1. Identify the residue in the stretch 2-20 that is β-branched (Val, Ile, Thr) and not in a helix (DSSP H, G or I) and, among all such residues, is surrounded by the fewest Cβ atoms within 10 Å (Cβ to Cβ).
2. So is residue 40 surrounded by 11 or more Cβ atoms within 10 Å (Cβ to Cβ), assigned to a helix (DSSP H, G or I), modelled with pLDDT under 90 and not basic (Lys, Arg) or not?
3. Does the stretch 67-75 contain any residue that is outside any helix (DSSP H, G or I), out of contact with any strand residue (DSSP E or B) (no Cβ under 8 Å at 6 or more places or on another chain), modelled with pLDDT under 85 and surrounded by fewer than 16 Cβ atoms within 10 Å (Cβ to Cβ)?
4. For the stretch 46-66, enumerate the residues that are at pLDDT below 90 and among the hydrophobic types (A, V, I, L, M, F, W, C).
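The values are calculated or read from the model by the stated rules, or taken from the named source; none is laboratory data. Computed from a predicted structure; not experimentally measured. FYI the Cβ positions are ideal-geometry reconstructions off the backbone, even for glycines, and counts take in every protein chain you see.
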Amino acid sequence: MKHMSILPKTRDEWIGAPLLPFKAWVLLGYPLCFIFRSFVAQRVGGGMGFLVINGYVLSVGVLLIGALIQSIVCSRGAATRSILYVLVAIFILGCGRI
């Protein structure tokens with residue numbers, strides 16, 4: 001059985017770790033917005049779409065910079081995975097109605 005560890009072990013994992021919240025936002029931002037839209041609209045005052053879109057734009061920028069750093073420092077696969085998250089975010093921004 002393989003021993004599980006919370007902390008990254010390799011250099012690729014350490015460089016990719018700060019990108020995890022942005023990757024999580026790309027995958028969970030729109031679904032959570034859709035699920036909690038009515039609840040948050042009462043609290044935020046209807047500006048949730050603006051917040052979600054800005055979160056995606058920020059995530060795309062950070063993930064692109066992270067992919068650039070990963071392409072220089074890490075293996076090629078790490079940068080490719082970050083670019084895939086950027087493409088997913090662009091697809092969600094283009095197709096989603098927030």
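1. 6
2. yes
3. yes
4. 48, 50, 51, 52, 53, listed by residue number.
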